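Working notes, beginning with the structure itself.
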Amino acid sequence: IVFNGNYYHEAAMHSALLQNQFQCDSLVRLEIFLNPSDTTDLTATLCEGDSIEFNGNYYHEAGMLSALLQNQFQCDSLVRLEIFLNPSDTTDLTATLCEGDSIEFNGDYYHEAGMLSALLQNQFQCDSLVRLEINIIPLPDISLGSDTSIYNVNEFLLNPGEGFTQYLWHDGSTASTFLVEGSNYLLGTHLFYVQVSGEGDCMNQDSIFITILEWNGISNPLNLSVRIYPNPGGDYLHIEINQPEGEFRLSVMNEAGELLLENRFQGNTHTLPLHFLPAGNYLLELSNGTLHEVFHYIKIKP
């Protein structure tokens, strides 16, 4: 401010002895009050992709901004804003599951192949996109076959298939096959099972029931093309023939070789009623153009 020919910029009391219109002394006193200018420093932390408004504009990158405004005293007010930028991020994950297994992702369980995504928050409270690709490995394809029967003089080879990385049988053995020797088991039904490991250490298992029968026939027991059961039996006899279908003749004889019954049938399976026979020992003769087998059969009371 100019007073009596001089410039002043600080708060103070000044006086000057002048003359008034009458050429008399005129004392003028000036008290200067000083209102402050000010500077304000601000900071803002944004997540990548967000923006902030400053002095009428929007900004989304890290940096230093400034604006010269007026304060409540109408004096200069310098405002400086420093922007910090925290990152958003994307994380890609993969999971490989065995068929039938599941995985937890974002609070839910999934068991099928596909791509999942979830929008979460990272350590800066910014967006964190997590993507999960699920791959499914099929279980090993194994089969021990259908339940079956063998005589106690026979052997039966169990083979679940080849190409697996590990085999574990019911008895703890680890060979790729298992030989069932009928002579090593009591008569009756036994459970055999195997667990195999394949691609990705995925595991599968299968089981089979094998019934051990006592051999009472007089023909070659290693010919497994015919199965006659139960033996000993009651009122009914079941025949299964592992040959192409055709006409078969079944003869029932006593121990002296006398013919008691002759029955003809078509197909691979047949049931013969024997309720009229008394308990005792009999010979069964089964034949067609290519097959001829004789069996020792014991009829017991029902």
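The values are calculated or read from the model by the stated rules, or taken from the named source; none is laboratory data. Model, not experiment: these values are computed from the prediction. When we count neighbours, we look across all protein chains shown, and the Cβ atoms used for this are built from the backbone with ideal geometry, even at glycine.
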Do we find a residue being among the β-branched types (Val, Ile, Thr), in contact with a strand residue (DSSP E or B) (Cβ under 6 Å, 6 or more places away or on another chain) and farther than 17 Å from ASN106 by Cα anywhere in region 122-135?
no
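Condition (residue is within 30 Å of ARG131 (Cβ to Cβ) and in contact with a strand residue (DSSP E or B) (Cβ under 6 Å, 6 or more places away or on another chain)) applied to region 22-33: is it met by at least one residue? Write out each step before concluding.
First pass over region 22-33, keeping only residues within 30 Å of ARG131 (Cβ to Cβ): none.
Within region 22-33 (the criterion being within 30 Å of ARG131 (Cβ to Cβ) and in contact with a strand residue (DSSP E or B) (Cβ under 6 Å, 6 or more places away or on another chain)), the answer is no, since none of the residues qualifies.
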Within region 11-27, the count of residues that are among the aliphatic types (A, V, I, L, M) and either more than 30 Å from SER37 (Cβ to Cβ) or in contact with an Asp or Glu (Cβ under 7 Å, 6 or more places away or on another chain) (or both) comes to 4
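Condition first: over 30 Å from ASP50 (Cβ atoms), without any contact (Cβ under 8 Å) to a residue 24 or more places away in the chain and surrounded by 12 or more Cβ atoms within 10 Å (Cβ to Cβ). Now tell me which residues in region 112-142 satisfy that.
In the first step, residues of region 112-142 are kept if they are over 30 Å from ASP50 (Cβ atoms); the result is 112-114, 134-142.
Now narrow it down to the ones that are without any contact (Cβ under 8 Å) to a residue 24 or more places away in the chain: 113-114.
Matches in region 112-142: ALA113 only.
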Single match in GLU53, GLU48, GLU10 (criterion: surrounded by fewer than 10 Cβ atoms within 10 Å (Cβ to Cβ), under 60 Å from the mean Cα position of the chain (by Cα) and not polar (S, T, N, Q)):
GLU53
Considering (1) in contact (Cβ under 8 Å) with a residue 12 or more places away in the chain; (2) surrounded by 12 or more Cβ atoms within 10 Å (Cβ to Cβ); (3) closer than 30 Å to ILE83 by Cβ, say which one ASN4 fails and leave the rest.
(3)
Tally of residues being closer than 23 Å to ASP127 by Cα and either without any contact (Cβ under 8 Å) to a residue 24 or more places away in the chain or assigned to a strand (DSSP E or B) (or both) across region 17-49
5
Out of (1) within 27 Å of GLU199 (Cβ to Cβ); (2) surrounded by 17 or more Cβ atoms within 10 Å (Cβ to Cβ); (3) touching a residue at least 40 places away in the same chain (Cβ under 8 Å), the odd one out for ASN154 is which?
(1)
Matching residues in region 224-260 - criterion: being surrounded by 12 or more Cβ atoms within 10 Å (Cβ to Cβ) and without any contact (Cβ under 8 Å) to a residue 12 or more places away in the chain:
PRO230
Of the criteria (1) over 17 Å from HIS296 (Cα atoms); (2) at pLDDT below 85; (3) surrounded by 12 or more Cβ atoms within 10 Å (Cβ to Cβ), which one ASP206 fails:
(2)
Does PHE73 qualify as being hydrophobic (A, V, I, L, M, F, W, C), part of a loop (DSSP other than H, G, I, E, B) and out of contact with any Cys (no Cβ under 6 Å at 6 or more places or on another chain)?
yes
